[in-house]
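S.K.: I have a structure here, written as structure tokens, and I will follow up with some questions on it.
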Amino acid sequence: GDDQKSAQYKCEGVDCGDTEKGERYKGVCDKDGCDINPYRMGNNKFYGRGDEFTVNTLKPMTVVTQFLTTDGTDDGELFEIRRFYVQDGNIIHSPSSTILSPKDADSITDDFCK
């Protein structure tokens, strides 16, 4: 039979990945996900309230997330996700992680998520 499910559905049983039942990684979702969070990845002075932070959340900013494809088109295969900030007319790139050596990175790729 075909085990493929529709894009959205209500999970039941093991599909829900219940942590308390020891089924966290047996479910259909990627519970941990793959992301870049500068604070959690070792840079606690990048993003926060006040001038002591590289990105001061007390000031207006623009957050830019780029979804890059292998062929540079909207329909190409996704190969990298980058994020940067614009504040006070300055482009501020996300810092590289500092806790994943030798996999420290400042963008999300398949290799980073493995």
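The values are calculated or read from the model by the stated rules, or taken from the named source; none is laboratory data. Quick caveat: nothing in here was measured; it's all calculated off a predicted structure. Note that we place each Cβ from the backbone using ideal geometry, even for glycine, and neighbour counts take in every protein chain shown. Side chains are part of the model used for accessible areas, which takes the heavy atoms of the whole protein and leaves out ligands, DNA and RNA. Shrake-Rupley method; radii C 1.70, N 1.55, O 1.52, S 1.80 Å.
S.K.: So which residues in the range 65-88 are open to solvent by 100 Å² or more (accessible area, probe 1.4 Å) and of a type in the set (A, V, I, L, M, F, W, C), if there are any at all?
M.R.: Hit for the range 65-88 is F67, nothing else.
S.K.: Considering each residue of the range 1-57, count those that are open to solvent by 100 Å² or more (accessible area, probe 1.4 Å), free of Cβ contacts under 8 Å to residues at least 12 places away in the same chain and farther than 24 Å from D106 by Cβ, and give that number.
M.R.: Residues flagged as open to solvent by 100 Å² or more (accessible area, probe 1.4 Å), free of Cβ contacts under 8 Å to residues at least 12 places away in the same chain and farther than 24 Å from D106 by Cβ within the range 1-57 amount to 11.
S.K.: Say we look at the range 89-114 and pick out the residues that are open to solvent by less than 100 Å² (accessible area, probe 1.4 Å) and modelled with pLDDT of 95 or more; which of these is farthest from V55 (Cα to Cα)?
M.R.: Within the range 89-114, the match that is farthest from V55 (Cα to Cα) is G89.
S.K.: Would you pick out the residues in the range 25-74 that are of a type in the set (V, I, T) and under 20 Å from K114 (Cα atoms)?
M.R.: Here is the first cut: in the range 25-74, the residues of a type in the set (V, I, T) are 28, 36, 54-55, 57, 62-65, 69-70, 73.
Of everything in the range 25-74, those that are of a type in the set (V, I, T) and under 20 Å from K114 (Cα atoms) turn out to be V28, I36, T69, T70.
S.K.: How about the range 67-89: which of its residues are over 13 Å from the mean Cα position of the chain (by Cα), within 18 Å of A105 (Cβ to Cβ) and touching a residue at least 24 places away in the same chain (Cβ under 8 Å)?
M.R.: Residues satisfying the conditions are F79, Y85.
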